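**Q** Please see the structure below; I have some questions.
The values are calculated or read from the model by the stated rules, or taken from the named source; none is laboratory data. From a predicted model like this one, the values you see are computed outputs, not experimental measurements. Because the Cβ atoms are built from the backbone with ideal geometry, glycine has one as well, and the counts that use them run over all protein chains shown.
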Amino acid sequence: MRLLIVGFGFIGRELVKALRDKMSFLRSIDRDFKVVGIVDSKGYLYNGKGIDIDDLNKITRLSEHRDYKLGGTALDLLGQNLCDIMVEATPTNIKDGEPGLTHIRLALSRGIHVITPNKGPLVLAFRELMNLAERNECALLYEGAVAGAIPVFSLVRECLQGDKIVRLSGILNGTTNYILSRMFFEEISFEIALKEAQEKGIAERDPSYDIDGIDAACKLVILANALMGREARLNDVRIVGIRGITQEAISLAKRANYAIKLIGTIDRGLEVAPKLVPINHPICVHGTLNAIHIETDLAREITLVGYGAGKETISAILNDLITVLRKRGMSKFSSPKIV
Amino acid sequence: MKFDMTLALADKPGQLLRALEPIAKNGGNIISIIHERDKPVEGYVPVSLVVDFPSRQNFRNAINELKNLGIAVIKSEEVVEKVRLTFILIGITDLKKIIESRIEGVEIIGLEILTPSLNKVSIKLDVETHAEAVNILVDHLRRLAEDQNALLIAPIYA
Ligand SMILES: NC(=O)c1ccc[n+]([C@@H]2O[C@H](COP(=O)([O-])OP(=O)(O)OC[C@H]3O[C@@H](n4cnc5c(N)ncnc54)[C@H](OP(=O)(O)O)[C@@H]3O)[C@@H](O)[C@H]2O)c1
C-alpha cells in the first residue's frame, strides 16, 4: 500500500523515524508498503516508486529535500489516484477543523484510508466522517487523537465488542496533570508549577487550551461519540479548568487522602472539571501520565494508563497503520457498532 | 430499598409464618429478622425485620396486607443509606451561606479552613448525606460557588 503523510512537524518526523526502524516488519505484512508522499504547509515531496526513508531522516524541514515541490498541496496528491492510506497530522484546529477536515473528507470520499491524530475534524464532524468512511469502504482510525499512546479505541473495538460502556472518566491532558502533580508533591503554587511546565516544554507559551480544560473537552467529545454512540459537540461539555486551584486546596485534599485532578467524565452529561480523586483510585496517576477508566455492563471496570502526548503517540499511529495493512484484501471496513 | 419494621405477633404458634406471607408476596427480601419469643409483652412478641422491597409501593402493600390480617405494625420506616462526601471550595466570600445551608438529609460533619498567603480562602467540607440527596447537594454547592465566584471541587463520582 502507498502511504501519504500530510504534515511534517513533530508527529510527521517522529512517524518517519519509526517507519525507518520498522520498515522490514511493515514489509513483512505488506510487501509493497511504501511512503509515496509527504506534505507540509508550503509544498510536498512525491515519488510514486517510494521515497527513500533514510534520506527523509536526514532532514528536519521538508524543503531541504532535493525533490521538494514548492507550492504543491495535499489536495493535488489526494485528487489523483496516488495513495491508498493518508496519515493526516496537520495542526489541530477546533474552530473549523481546517486544513485537516478538507484533507480527510477528500481522502475518504476517494476511498483512501485515513489515520489521524488530529482532533479538530473528529470533534467537529465525527459522524459525518465515519459515515463517509463506511460508504466508501475505507478505514478512519484515530487512536493517536485521544490520550496519545493509550489504546482505548482499539481495546474497545477488539476486546469489548459485547460490552456496553455506561460511564467513562479520565485524566485526558498531560500538561494539567503535570502541573497538579507538582503542586501535590512539591507544595508549590499553580503559577510556579505552570512556569516550570513551560520551561520544560510541557506547557505551551499560551497555555489556555490545556489549563482551561478545552483540550480535555475535545477528547471527551471524541470518546463520547466513538465509544458511547453519543451525538456530542464541544458546546455540550461543562468545562472548568484548573486556573483557580490553590496550594491550600491541594493540601486540604492531600490530608484527607485525595488528589485534585482535572477529570473528564461522560455520564448522563459531559463534564471536564477539577475533582477530588481518592489517592488509591486507579485513575489517580501523576506527572504527564493520562488515565482512562471505563465502566461497562459486563467487564465492570477497566483502567488504562499511559502517555497522552509526545513521541509515544507514534505507537498509536503505527498500530492504526498496521491494522489497515493487515485488513487489506479482507472484506470492507465498517465503523464499530455501539452495543 | 430497605425498610426497618417491627411487628407485634400474638404469642401462639404459626404467627410468624403468617406475618411473613404478605412480605414475600410483595417481593420483600428479608435481610435480618429478630424474633424475641422469650420476651412477650402482654401476650405479644415483638419481631424486628429489615426487608429489601423492590419499591415503596410494594412496601406499602405489604404493610396494608399485614394490617388486614390483624397484625400490629409498631414501626415501619425506610432505612436511608448515608454516604460521606468531601468537597473543597476555593474563594468563598460568605462562609455563613454554606454553614447555614439546610438540605433535607444532609449534615455537615466537618469543616476545615485554610486562609492563605493570597486572598482566596480554601475550605474543605465533609458532609453526610442520604444517597438520594447527593445530586441536590452538588447542585446547591455549585450554585453557592457560582454566586460567590468561587470554585467547587466535587468528589469524582458525586
Ligand atoms: N505533538 C504531539 O505530542 C501530539 C500528540 C497527539 C496528537 N497530536 C496531533 O497531531 C497533529 C500534528 O501535531 P504536531 O505536533 O506534529 O504539529 P506541528 O509540529 O505543528 O506540525 C504540523 C505540520 O502540519 C503542517 N501543515 C500545516 N498546514 C498544512 C497544510 N495546509 N497542508 C499540509 N501540511 C500542513 C505544518 O507544515 P510546516 O512544517 O510547513 O509548518 C507542519 O509540518 C496535531 O493535530 C496535534 O494535535 C500531536
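**Q** Would you check if B:D11 is under 24 Å from the mean Cα position of the chain (by Cα) and outside the structural domain of B:H130 (by TED's automatic domain parsing)?
**A** The answer is no for B:D11.
**Q** Mind listing whichever residues of the range A:153-187 are of a type outside the set (G, A, S) and surrounded by fewer than 17 Cβ atoms within 10 Å (Cβ to Cβ)?
**A** Answer for the range A:153-187, where residues must be of a type outside the set (G, A, S) and surrounded by fewer than 17 Cβ atoms within 10 Å (Cβ to Cβ): A:L155, A:E158, A:C159, A:Q161, A:K164, A:V166, A:R167, A:F185, A:E186, A:E187.
**Q** Do we have any residue at all in the range B:107-119 that's loosely packed, with under 11 Cβ neighbours inside 10 Å, within 14 Å of chain A (Cβ to nearest Cβ) and small (G, A, S)?
**A** For the range B:107-119, residues loosely packed, with under 11 Cβ neighbours inside 10 Å, within 14 Å of chain A (Cβ to nearest Cβ) and small (G, A, S): present.
For every residue, the table says whether it meets (1) in contact (Cβ under 8 Å) with a residue 60 or more places away in the chain; (2) within 16 Å of B:T86 (Cα to Cα); (3) within 17 Å of the chain's Cα centre (by Cα).
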residue: B:L114; (1), (2), (3): no, yes, no
residue: B:K120; (1), (2), (3): no, no, no
residue: B:H140; (1), (2), (3): no, yes, no
residue: B:A145; (1), (2), (3): no, yes, no
residue: B:N149; (1), (2), (3): no, no, no
residue: B:A154; (1), (2), (3): yes, yes, no
residue: B:Y157; (1), (2), (3): no, yes, no
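**Q** Counting only residues that are closer than 19 Å to A:G241 by Cα, give me the strands (runs of 3 or more DSSP E) lying completely in the range B:92-158 with at least 1 of them.
**A** B:122-130, B:151-155
**Q** Oh, and also: Could you look through the range A:122-152, keep only residues that are within 9 Å of the ligand (Cβ to nearest atom) and in a helix (DSSP H, G or I), and pick out the one that is farthest from the chain's Cα centre (by Cα)?
**A** So the residue we want is A:G144.
**Q** Find all pairs meeting these conditions: Cβ atoms under 8 angstrom apart; at least six residues apart or on different chains; first residue within the range A:105-121 and more than 8 Å from the ligand (Cβ to nearest atom); second residue part of a loop (DSSP other than H, G, I, E, B) and small (G, A, S).
**A** What qualifies is A:H113/A:A139; A:V114/A:A139; A:I115/A:A139; A:P121/A:G97.
**Q** Any chance you could count how many residues in the range B:32-69 are assigned to a strand (DSSP E or B) and closer than 24 Å to B:K12 by Cα? Steps first, please.
**A** Within the range B:32-69, the first condition is being assigned to a strand (DSSP E or B), and the residues that meet it are B:32-35, B:41, B:44-52.
Imposing the further condition that a residue be closer than 24 Å to B:K12 by Cα reduces the set to B:32-35, B:41, B:44-51.
Selection size over the range B:32-69: 13.
**Q** Filter the range A:71-103 for residues that are hydrophobic (A, V, I, L, M, F, W, C) and either surrounded by 16 or more Cβ atoms within 10 Å (Cβ to Cβ) or more than 9 Å from the ligand (Cβ to nearest atom) (or both) and give the result.
**A** A:A74, A:L77, A:L78, A:L82, A:C83, A:I85, A:M86, A:V87, A:A89, A:I94, A:L101
**Q** Answer with yes or no whether A:L220 is surrounded by 24 or more Cβ atoms within 10 Å (Cβ to Cβ), farther than 19 Å from A:T92 by Cβ and either under 19 Å from the mean Cα position of the chain (by Cα) or assigned by TED's automatic domain parsing to the domain that holds A:S181 (or both).
**A** no
**Q** While we're on this one: In the range A:61-70, is there at least one residue being polar (S, T, N, Q), more than 13 Å from A:L3 (Cα to Cα) and within 25 Å of the chain's Cα centre (by Cα)?
**A** no
**Q** Is it the case that the range A:56-64 has a residue that's modelled with pLDDT under 95, in a helix (DSSP H, G or I) and crowded, with 17+ Cβ neighbours inside 10 Å?
**A** Within the range A:56-64 (the criterion being modelled with pLDDT under 95, in a helix (DSSP H, G or I) and crowded, with 17+ Cβ neighbours inside 10 Å), the answer is yes, since at least one residue qualifies.
**Q** Here is a follow-up. Looking at A:I302, A:I242, A:I266, A:I260 in this structure, which one is over 30 Å from B:L114 (Cα atoms) and within 14 Å of chain B (Cβ to nearest Cβ)?
**A** A:I266
**Q** Out of (1) without any contact (Cβ under 8 Å) to a residue 60 or more places away in the chain; (2) surrounded by fewer than 19 Cβ atoms within 10 Å (Cβ to Cβ); (3) of a type outside the set (A, V, I, L, M); (4) under 20 Å from B:A8 (Cβ atoms), what's the single condition that is false for B:F59?
**A** In the conditions (1) without any contact (Cβ under 8 Å) to a residue 60 or more places away in the chain; (2) surrounded by fewer than 19 Cβ atoms within 10 Å (Cβ to Cβ); (3) of a type outside the set (A, V, I, L, M); (4) under 20 Å from B:A8 (Cβ atoms), B:F59 misses (2) alone.
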